[in-house]
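The values are calculated or read from the model by the stated rules, or taken from the named source; none is laboratory data. Bear in mind that the values here come from a model prediction, so they are computed numbers and not experimental data. We place every Cβ from the backbone using ideal geometry, glycine too, and count neighbours over all the protein chains shown.
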Amino acid sequence: MSEPGTHRDSVVGPLDSGAPAGAAAPPSAHLDERGEASGATLGSGLVDDERPDLRLVGDTDKYHIVNAAPTMRPGHDGVTRVLYRTRELFRGTEFQHRYVSAMFGDTVPNDMIRVPSYPWPLSTGYRMPWVSGERLGDLLSAEPVDLVHIHSFCPLSHTAAEWANERGIPLVATYHTHFASYMPYYRLHLLERAAWRALRRLYARCQAVIVPSRATMEELERRGFENLIHIPHGVETSQFSPVHRDPTWRAAVGGDDKLIFTFVGRLVWEKSPDVVAQAWHHMRHKDRVKIVFVGGGPAQRKLAHMLPQATFVGQVTEAEVPRIVASSDVFVFPSTTETFGNVTVEAMASGLPVVCGDAGGTRDFVDHGVNGFLVGPEPEAFAKFLDILVENDELRRSMSEAARKKARLYRWDLTGRRYMSLYRLMIRQHTGQARSA
């Protein structure tokens, strides 16, 4: 597996962006292994010794970035957690971010803008934001907009993309969610091909599409996506650490004399929590294992029927997650729809061997047999590798050390540096075009 710091040519080339006439042409972009951009590579006016660090600047030096996302409710899902973490990274830098969304916490912070929404039929926990381009322009009119960054395949992202293209404003996306791959889980197989076409059309409008894992990036390339840039997420290794292990929590979930195998995430079918429940029934050493599900969702009732021996912790706050993960013994996550897998890297940083679905972003950092196992979708296959970890204490210890070592490679400061390098490139390229016009 490739390390996150090594470079594979990730190019945003002079391709047809799918944007209407007058939109900013895609620049030629190249990020090196440190996530930095050199003038020789970009032709963007950057000098070779310029470093895109998290520097503090005055108000007159600000670049104004607008983010469009369906939810900004703290801790709502993995995408939201990434957005809040990068929001903190950008504080005090030359990048001033605003966030347009439909869902928030108890209050709406000053840098966030609420738009109307409607219920999302596939998930009771989400609402779909919708706003017209004219109304979006009104909401954003208080400040200039130098770049638009979309974070989902939703009506708001389509409106924001069209609004940016019509004005020639640079447009970037992050491919957070494998939306099309969800279709089979909701018996919508016939819509999967159409969903991929719709995704390609949206992301073709963008001058750059950030993809958090190489495995996902390779799949998108095979499916005809263009303008892809690999920028992995990070993990807070001080927050997610074995030092947070808590015997009291272990006792509370019935794990005093058992190994605790934990699933953390929304309890929805596209995360495949049912594979965990079925795998337990196939295990030879099930009597030595306590299965714990952390998170809530529409699949919980059926899961409880499938595995009444499991403990369902329910929805927890972000502050509780590090203690829960560190207090477990093995992390089990069969999902095959992850574009990165934040919870898996966090479990690895906490010193847990991981047993994960052999698909998507997880392949970037799980080295089979070294820090965990990559397993096919069959419950019997998961049961086999879970039993191996029950039987072998030394293997669990060695995998724990290897998992922590791997997780330390995923640094948020490097993620922020790469984001800002890309932002600078896009904005300066656009500024140069405007001057030449």
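Conditions tested, residue by residue: (1) under 23 Å from V211 (Cα atoms); (2) at pLDDT 95 or above.
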residue	(1), (2)
F95	yes, yes
V108	no, no
I113	no, yes
Y118	no, no
M128	yes, no
A160	yes, yes
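Does the stretch 222-240 include one or more residues that are over 16 Å from A349 (Cβ atoms), touching a residue at least 24 places away in the same chain (Cβ under 8 Å), surrounded by fewer than 22 Cβ atoms within 10 Å (Cβ to Cβ) and in contact with a Pro (Cβ under 7 Å, 6 or more places away or on another chain)? For the stretch 222-240, residues over 16 Å from A349 (Cβ atoms), touching a residue at least 24 places away in the same chain (Cβ under 8 Å), surrounded by fewer than 22 Cβ atoms within 10 Å (Cβ to Cβ) and in contact with a Pro (Cβ under 7 Å, 6 or more places away or on another chain): absent. Of the residues making up the stretch 269-322, those that are farther than 21 Å from M183 by Cα and not in a helix (DSSP H, G or I) number 21. Counting the residues of the stretch 397-408 that are in contact (Cβ under 8 Å) with a residue 40 or more places away in the chain, surrounded by 16 or more Cβ atoms within 10 Å (Cβ to Cβ) and out of contact with any strand residue (DSSP E or B) (no Cβ under 7 Å at 6 or more places or on another chain) gives 4. If you check A142, A164, A173 for being small (G, A, S) and part of a helix (DSSP H, G or I), only one passes: A164. Could you grab me the full set of residues in the stretch 244-264 that are over 21 Å from N392 (Cα atoms) and crowded, with 22+ Cβ neighbours inside 10 Å? Correct list: V264 only. Condition test on E338, is it surrounded by 21 or more Cβ atoms within 10 Å (Cβ to Cβ) and in contact with a Phe, Trp or Tyr (Cβ under 6 Å, 6 or more places away or on another chain)? Here the answer is no, as E338 does not meet what is asked. Residue-level analysis places F373 outside the set of residues that are touching a strand residue (DSSP E or B) at 6+ places or on another chain (Cβ under 8 Å), aromatic (F, W, Y), closer than 24 Å to N342 by Cβ and touching a residue at least 40 places away in the same chain (Cβ under 8 Å).
For the stretch 69-136, the strands (runs of 3 or more DSSP E) that sit wholly inside it and include 2 or more residues that are more than 20 Å from G297 (Cβ to Cβ) are 95-101, 112-114.
In this structure, does D138 turn out to be of a type in the set (D, E, K, R), surrounded by fewer than 16 Cβ atoms within 10 Å (Cβ to Cβ) and at pLDDT 95 or above? Answer is yes for this residue. Being touching a Cys at 6+ places or on another chain (Cβ under 6 Å), within 30 Å of R428 (Cβ to Cβ) and outside the structural domain of T336 (by TED's automatic domain parsing) narrows it down to one of L171, L202, L228, so name that one. Going through L171, L202, L228 in turn, the sole match is L171. Is there a residue in the stretch 129-150 that is free of Cβ contacts under 8 Å to residues at least 60 places away in the same chain and either among the acidic types (D, E) or farther than 22 Å from Y99 by Cα (or both)? So far as the stretch 129-150 goes, yes, one or more of its residues are free of Cβ contacts under 8 Å to residues at least 60 places away in the same chain and either among the acidic types (D, E) or farther than 22 Å from Y99 by Cα (or both). Taken together, G361, G372 contain a single residue that is touching an Asp or Glu at 6+ places or on another chain (Cβ under 8 Å), surrounded by 24 or more Cβ atoms within 10 Å (Cβ to Cβ) and closer than 28 Å to I229 by Cα, which is G361. With respect to (1) more than 17 Å from the chain's Cα centre (by Cα); (2) surrounded by fewer than 21 Cβ atoms within 10 Å (Cβ to Cβ); (3) of a type in the set (F, W, Y), the lone exception for F95 is condition (2). Among all positions in the stretch 116-123, there is at least one residue which is crowded, with 18+ Cβ neighbours inside 10 Å, of a type in the set (S, T, Y) and more than 24 Å from H233 (Cβ to Cβ). If the condition is being farther than 21 Å from G341 by Cβ and surrounded by fewer than 18 Cβ atoms within 10 Å (Cβ to Cβ), then the stretch 376-387 contributes E380, K384. Scanning the stretch 179-210 for residues that are crowded, with 21+ Cβ neighbours inside 10 Å and in a loop (DSSP other than H, G, I, E, B) yields a count of 3.
The condition of being crowded, with 18+ Cβ neighbours inside 10 Å and in a helix (DSSP H, G or I) holds for T159.
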